[in-house]
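Values in this text are rule-based calculations from the coordinates and carry no lab data. What you are looking at is a predicted structure, and each value in this text was computed from that prediction instead of being measured. Cβ: placed from backbone, ideal geometry, glycine included. Neighbour counts: every protein chain shown.
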Amino acid sequence: MLLRTRVITMVMASCLLLTGGLYYAGLLRQRIVTTRYADLILESTRTLMDQSLSHLVERLRLRADRAGDLSGRLAVAVAKGDRAAIQRLGQTLAADLAGMGGQNRVEVQDGDGTILFTTVEATFPEPMMDDIARQQALRSGSPISGIETDGQFGAMATLLVPLAGPDGNMAGSLTLATNIAQVLPLFTRGDVAGAFIETIEGKLQAGTDPGLWTELTAAGVPPDRQAFETRTVGDRTFMLAAVPLQDRAGQTVGRLLSVTDASRGYEIERLTEQIVLMLVAATLVALLWLLNNFMRRAFTPLGEAIDVLNALAQGNTAIQFERPAGNDEVGRIVRTVGVFRETLDALDAVRERRERQRQRQEQFIRQEMTALAGMLAEGARAELLNDLAEIEAEADRQPASAGANAGDGGGDALGMMAPAFRKMSLRVREQHQKLSHLVAELREALMTKTQFISLQQELEIARKIQASILPGLPLQHGGTEVAGAMVPAKEIGGDFYDYFLLPDGRLGVAVADVSGKGVPAAFFMAISRTLLRATAGFTTSPSRCVAQVNDLLAAENPELMFVTLFYGIFNPATGRFDYCNAGHNPPLLVKAGGTVSTLPGSGDMALAVMEDMEYHDRHLVLDPGDTLFLFTDGVTEAFDMAGTIFGDARLLVGAPVIAALSNSEVPMHIVSMVNDFAGGAPQADDITCVALRFKVGDAA
């Protein structure tokens, strides 16, 4: 095989391998991006579905709370077995629930589970919730919510409220349900072509575009349970995201499908891929043609020169050939062969030309070495120029060799360039190693930056989730208003506050501070808040509730974290406030006239330190207009730019203004007061505030 053919083959093979590698890398990258996009779409769909269902249950809860007097009369009717009254009151509740829109259901049961009233037209209607859930609600006296399946309307958001009779015992239950199909319009925004709710049997329960559902099911069964896939229907391409709907027991009762029309994006992607492949193919063909022509023209003079050399080897000096005008490597080889032929009879002239050529080469090498030294770092450049000067001086001092030809001059300066080249090679290699080390450090820094950006995005998602579990709006109940605010020092905080209604009509309020910062503190905070919420509904004493939460936290605490907690229960009917302080900052009592005092502590230890600890209750009676201000040490332990601490004294001086503000303004007013004091200094700890006001004239 000719050298020209081998060169063309190697170049084309390299191009094909490079093109194939780039194409394969593009496919891998596209697969990774598609997988990440699918995970993001599924997570967004799940989050939006959970928020929508929580909103539906909250609307049912608000309906039940608004019909408080009606529910009381219904409880009396259930206790007496007055079916006529139950029928009349149930129809009134159904009419009120109809205001939510969609399909709704109202159901009343007695203590034994017998259905006394239902809006379902059936001879033997099935209850919305099973007997286990109903008995649990009757024992705890707390509502139970979740997704349940109705034979007529499919999956429904359901709320079961226990009904307390005149004697205080649970006489029965009231169940309110609404079809979750109401959330579908929330999923039809932007490029979303349709949203559907499917039963567990695979039938369509509700959808925004039944025609689209027919086309999709005709093309094949939609994805199972939770999945993401693309599907082509005719000339349109859709992205399907399926999220399962689960009831309280974790059983799948249906699923939500969000369908996005991605036809235009996929068409552009396919067209772009075709254009790129065509351009690559055209480029390879053009390169092969140009390379073949170039190699053929370049190697023709070389073949003629080889023929001349063969003739000269046989003693034929009369051969003639045309010398090429090009100045590339082949042209120089051919011209050198011609010069060799012409100078066989003129050796002295060749020697003279060789000497002049050698001198020019020496000068050129010196110039090139000097120029190359200028590309090195300052220290290496100075050392290399010094080496070159020493070598040249040494060459000038050496006498001519015994075998030197006349006119060769003094020392062999060209030969002395070899040590200079070796030293220059060492200098360049050292510089290359330094640059490689710098490039590696830069690449590692870029990877660290990318990981940091990803971590920041995950922390921002965690911050939003943490903020969503805290009470968002002030709570008003029985002439009492509670409001709170939290400003975390980092992306996510370890403080939390909470306020909620208890089954007996009293109001629970809490503020806590978890040891440590960041993600571990945020997780421990979520666990503590969940345990407090779960325990508060079953205890009437703050100290017993705190003791149970302490035992649960201390039992499984390998990281030895702890949490300080202030938990109190306020009775709007009497103004009595019972509380337990587990190692937390004592709250402030701001009287209506502006007088400020600190609540006495109960002398108890922080939670999660040790099991079986004893906690104690304290109490006081609030007068109308009094305000309780709860806070964490992020308020009193804030620092300004000079390192001065905010302190308890400064809080006591600024607290009287609380009496003149509306209760909802109090938390952010204190936060602003702390920020003004800090004057731009970094926030060292989470700032959490809660204000509870027993309003003037509303106690009755």
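Any idea how far apart LEU446 and ARG88 come out in nm if each label point goes 7 Å out from Cα toward Cβ?
Output for this residue pair reads 8.0 nm.
Based on the Cβ-Cβ distance from ASP112 to THR540, what FRET efficiency comes out when R0 is 30 Å, to the nearest 0.05?
Result of the calculation: an efficiency of 0.60.
So, by mean Cβ neighbours within 10 angstrom, what's the order for 199-211, 552-564, 237-249, 436-448 with the highest one leading?
237-249, 552-564, 199-211, 436-448
How do 293-305, 127-139, 626-638 rank on mean C-beta neighbours within 10 Å, highest first?
Descending mean neighbour count gives 626-638, 127-139, 293-305.
Using the Kirkwood radius built from alpha carbon pairs, what does the Stokes-Einstein equation give as D for the stretch 581-700 at 10 °C and 1.306 mPa s, in µm² per second?
Rounded, D is 102 µm²/s.
Would you tally the net charge around ASP247, using a Cβ to Cβ cut-off of less than 11 Å, leaving ASP247 out, and scoring K and R as +1, D and E as -1?
Overall, the nearby charge balance is -1.
Where the Cα atoms of the stretch 486-535 are projected onto their three principal axes, how long is each span, largest first, in whole Å?
Extents along the principal axes, in whole Å: 37, 19, 14.
Once you compute Rg and the Kirkwood Rh from C-alpha atoms, what is the Rg to Rh ratio for the stretch 117-161?
Result: Rg/Rh = 0.98.
Under a Cβ-Cβ cut-off of 15 Å, what is the net charge of the residues other than TYR24 that fall near it, where Lys and Arg count +1 and Asp and Glu count -1?
+1
In a shell of Cβ-Cβ distance under 11 Å around THR119, excluding THR119 itself, what net charge do Lys and Arg (+1) and Asp and Glu (-1) give?
Result for the neighbourhood of THR119: -2.
Compare the peptides 257-267, 26-36, 588-598, 7-17 by average per-residue count of other Cβ atoms within 10 angstrom and give them in order, highest first.
Averaged packing, sorted descending, gives the order 257-267, 588-598, 7-17, 26-36.
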